[in-house]
Each structure stands twice: as C-alpha cells, then as structure tokens.
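The structure appears right after this line, and notes come after that.
The values are calculated or read from the model by the stated rules, or taken from the named source; none is laboratory data. Since this is a predicted model, take the numbers as computed values, not measurements. Backbone-built Cβ (ideal geometry, glycine too); neighbour counts: all protein chains shown.
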Ligand SMILES: [Ca+2]
Ligand SMILES: [Ca+2]
C-alpha cells in the first residue's frame, strides 16, 4: 500500500459497556474493535489515553465519576485519518434509602385493613421488591401473607386478609445482596424495620334507651353491644 492513498477513515466501535449503561463500580474496562480497510490502525485512544490493539480488539481501563460519563474511543490509521465512537454511561454508587412509610413508625390505632407503603429516594429495581425482601410480621402469628406492587419509587404491600385488632406488626425491608436494590444494583445498606399497632376493635353502642328518648324511670338499664 502506497502512503497517501488511504483517504478512508478507520472503523471503530465500543462493544462494552453498552451505550446508556447504568453502572455501580467506578473502575471499568472499555473494549471495542478498530480496523482499517485500506491501510492499518496506527493508534487507538480511549478518553485521550493510548491503548494497545490485539488483532482488531482494544481494551482500556478507565475511572468513572458519579453521574453521567462520556466515553470516546478514537482510532487513527497509517495515513492519519481518524474516526471515533462515543457512548454515555452513568455511574451510581449510592445505595437507595427509605424516605417515608405508611403507617409511620410507632403508629397506633391503625385500621385493620391498612396497606403498607414504603417510599424510596430513588427508582428501585422492581424485581428486588418481593414478599421475601419486604415482610410484615404479627407479634402473635408471624409472617402475614399478602401481595406487593411497585410503582414510581413506592412499594405497596397489601395483606391478603384484614390484620388482627390490637396487635403490633413489624415491617422489615431487607438489605444486602438478597435485598432491595436500586437500578444500578446498589443494595439497601441495612435492614429498614418499623412497627405499628392496630386499632383496639372495641366499640360500645348504647341501643336502649335511644338518644333523646324521654324516660320516667329513676333507674335505667343500658343495653350495649
Ligand atoms: Ca483508512
Ligand atoms: Ca443509587
């Protein structure tokens, strides 16, 4: 090949990570391919740093910063033609957190047909919100069965049946590798646990005499139920 006759830029791609990937480790490896149809690849840089080629494959280790990152790989062929490929990835190393719950912690007189909601400070991986990672326990009868939905940062647990009256319940949201995670895969740092107590269930209604009834008896029996 004669010098100066190659006017076609090289081909370059980034194969990993994927464009728009959401990652949770700052130190990543960028890989891709670079080739030239006329001459040959003289150099490849990733974000300005030179990297070697093995066949047509290059590999480069780079450090991401929290938030959005642009990765640009540039190839130069033997004739000095250049071409580049660019992707954008996001780094999230921050674990999710619970911002509020209903019922609130230590709430009392909670309706026996309550649902349990938990709001998070960021979008959660819905597949990690399950009846294993979010549990409701009765002080008297253990695990309460129910179903879970997740929408727009809020997980909702709906018990299968009404809760028991005058009973303390504890909700646990599991942390760690088998726990609740954000979209980047960061897990809740520690279990989030809170309790509430249901309404007493006692209700007294006077049925006789009726409200406003006139009576001429000095002693009156009350009928209650
Ligand atoms: Ca070329
Ligand atoms: Ca996060």
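Quick notes
- Per-region count, the range 29-50, residues more than 16 Å from ligand 1 (Cβ to nearest atom) and surrounded by fewer than 19 Cβ atoms within 10 Å (Cβ to Cβ): 7
- Qualifying position, being in the same structural domain as residue 161 (by TED's automatic domain parsing), out of contact with any helix residue (DSSP H, G or I) (no Cβ under 8 Å at 6 or more places or on another chain) and more than 16 Å from ligand 1 (Cβ to nearest atom), among 132, 86: 132
- Wholly within the range 49-120, strands (runs of 3 or more DSSP E) carrying at least 3 residues that are without any contact (Cβ under 8 Å) to a residue 60 or more places away in the chain: 49-51, 57-63, 67-77, 98-102, 116-120
- Filter result for residue 25 (more than 16 Å from ligand 2 (Cβ to nearest atom), in contact (Cβ under 8 Å) with a residue 60 or more places away in the chain and part of a loop (DSSP other than H, G, I, E, B)): no
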